[in-house]
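Q: Once you've had a glance at the structure underneath, I'll fire off some questions.
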């Protein structure tokens with residue numbers, strides 16, 4: 001296989017973003033930015049920190065598990081790799097090339113994410129009503145459901161008060177946990193192209209450029 005053909009094949013694979021798919025927000029006239037979204041980088045992985053009331057609205061089962069909490073940290077990843085207690089080369093290769101499925105990781109954050117994740121890189125951005133609505137749709141679409149429409153809990157999460165849930169889509173080399181976060185930010189109205197957002201550093205770098213300030217209150 002020639003080098004140009006390999007490059008073309010990789011580009012085509014990257015363009016096939018896989019599920020869950022980013023949700024474009026509806027247009028708004030004179031929109032007010034009043035909803036704060038945080039993105040936290042743990043080094044290899046970047047996740048979302050979203051107000052608890054917004055997530056409880058779309059996944060009320062989380063209230064039963066975690067109660068009323070100020071925030072949730074949300075992440076998506078490979079079912080085997082993300083839930084493993086020990087990361088091995090075999091698990092890494094399986095995640096990239098023959099993943100068994102995806103999971104959502106939900107962490108109850110009882111205080112400001114800046115306080116809860118000391119030392120982590122955290123960037124905030126501000127959303128309009130429609131941007132928040134499309135982000136919530138994307139997040140809801142990331143959870144697999146049973147026939148009754150309820151999310152499917154799995155094992156305990158990896159830190160704090162947390163839980164894994166069955167996710168939609170499939171992890172692979174060009175559909176990573178960080179690409180999921182980039183698609184979430186795209187759903188939140190940010191001018192970010194998720195195609196090659198495969199690392200947390202690429203997500204955080206683009207977010208630094210495209211983040212939005214909250215609207216100033218009227219005098």
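Every number here is computed from the coordinates shown, using simple stated rules; none is lab data. Predicted model only: the values in this text are computed from it and were never measured. Virtual Cβ from ideal backbone geometry, glycine too; neighbours counted across all protein chains shown.
Q: With the crude spin-label approximation of a point 7 Å out along Cα→Cβ, what separation in nm comes out for residue 152 versus residue 120?
A: Result for the modelled spin labels: 2.7 nm.
Q: Related question: Could you work out Rg/(2.2 N^0.38 Å) for region 32-210, with Rg from alpha carbons only?
A: That works out to 0.96 for region 32-210.
Q: Further question: Using label points projected 7 Å from each Cα along Cα→Cβ, tell me how many nm separate residue 63 and residue 42, to one decimal.
A: 2.7 nm
Q: Going by how many other beta carbons lie within 10 Å of each one, how would you line up 130, 45, 210, fewest first? Working shown, then result.
A: Numbers: 130 16, 45 20, 210 13.
Exposure proxy ranking, most exposed first: 210, 130, 45.
Q: Given R₀ = 30 Å, FRET efficiency for residue 145-residue 211 by Cβ-Cβ distance, to 0.05?
A: Working: r = 32 Å, r/R0 = 1.06.
It comes out at approximately 0.40.
Q: Counting only C-alpha contacts under 8 Å and six or more residues apart, can you give the relative contact order of region 32-210 as a whole percent? Kindly include the intermediate steps, with their values, before the conclusion.
A: Working: 351 pairs, mean separation 49.5, N = 179.
Across region 32-210, relative contact order equals 28 percent.
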